[in-house]
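Right, one structure below, let's go through it.
Read-outs throughout are calculated quantities, based only on the coordinates presented, and are distinct from any laboratory measurement. Bear in mind the structure is a predicted one, so any value in this text is a computation, not a measurement. Cβ coordinates were reconstructed from backbone atoms using ideal geometry, including for glycine residues, and neighbour counts include every protein chain displayed.
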Amino acid sequence: VPKPRVEPDSVFLNVLYDLAFERLYLAYIAGLSTLGLAARATLEIPGGERRLDRVFTLLQSCTYSIHDLSRVQLNRTRPATPRFNMPMELGLAIAWSRLSHRKHSWFVFETEQGRALKSISDLNGTDLNIHGGTVAGVMRELCNAFVRRRGGQPNVPQMMRVYRKLRAAVPAIQRRTGADSLFESRMFIDLGLAAGKIVTSERRTES
Amino acid sequence: MLRTIWRRLWSSEKAIPPQLPRGYNTEQTDMRKPVEITTPYPSLERVASIYGVSKKRQAAISEIVDAMYSKRRSTLSPDRNKHASAKTATPVSVDPRPLPKIKKRQRAKAKSRA
């Protein structure tokens, strides 16, 4: 099996594709783009292959990964079961970072302090990034996770500006793609492109 | 007996640590430190190549964002003009006549109503 090409500025985004998570999903895309990184998600890979293979291939191609465990909750539809996809993908990332020759850094993002450690006690001793379920919190924690010396470190207000612009562009992009939700393959890629364009425009106006 | 126990303990202390698999990243720790991004800010073409998107699609998205910016500029400009004109505009004309005086009776009525 050929190994995927590693992109040095790609971040594997492991989040829940849920309507209630839409704001934070946009925040991650906007925040990462402001930091000069590209968000990647399993959404963008075409189907056909087994899902687990797709996830692992994408994970291998990224230098960083963000695992948001804030939505590991019981869903209401019967039988009530928790969503274990995200902790499982976190496990894959940890294993990959330990066993691979290439450097892979992983981060765990959560809404509440102590909840993830209660459900996954193996993470004890790991510093989690607690964003409190807010967009500004996500931006703050992204700034805590990533430092950029080359080209200047963006701050939270700059990231928030990009987020607002991206949010404003959503209806036009949605109209163009004809997508029902933001969690569609085409939509995700277009959002990533739009965020990149917004960051370029913002940087141009600032300089 | 004691000697054998001591020997075993001594040998276990000196035991060779288990061999890590080849390529095991020993520098990795679980404590999170900020990661330094060493790559430069990606150009739009670079972002498009990461997502494997055609130039046409990239141009279409750029157009949407540019339209949004130009729209914002156009909506902002009248306000800006208004703000700028406020500084230079002549003050609103004020009626030079003095305000009508309220008679004592009217004042008393108003007080009693209150």
Q) On average, how much area does the Cα convex hull of chain A cover when viewed from any direction, in nm²? A) 12.8 nm²
Q) What nm value, rounded to one decimal, do you get for the distance between A:Ala168 and A:Val147 when each label is placed 7 Å out toward the C-beta? A) 3.4 nm
Q. For B:Ala60 and A:Arg78, what is the calculated FRET efficiency with R₀ set at 56 Å and r taken between the beta-carbons, to the nearest 0.05?
A. 0.85
(Q) Let's test the formula: R0 of 35 Å, r as the Cβ-Cβ distance of A:Arg23 and A:Arg98. What FRET efficiency results, to the nearest 0.05? (A) 0.60
Q.
Let's test the formula: R0 of 30 Å, r as the Cβ-Cβ distance of A:Asp53 and A:Asn155. What FRET efficiency results, to the nearest 0.05?
A. 0.15
Q. Given the pairs A:Lys103/A:Lys165; A:Lys103/A:Lys197; A:Lys3/B:Lys56, which span a C-alpha to C-alpha distance of over 31 angstrom in this model?
A. A:Lys103/A:Lys165
Q.
Ranking request for peptides B:33-45, A:23-35, A:106-118: highest mean number of other beta-carbon atoms within 10 Å first, then the rest in descending order.
A. A:23-35, A:106-118, B:33-45
Q: Rounded to the nearest 500, what is the 222 nm mean residue ellipticity of chain A from helices alone, with -39500 (n - 2.57) per DSSP H run of 4+ residues and division by all residues?
A: -15500 deg cm²/dmol
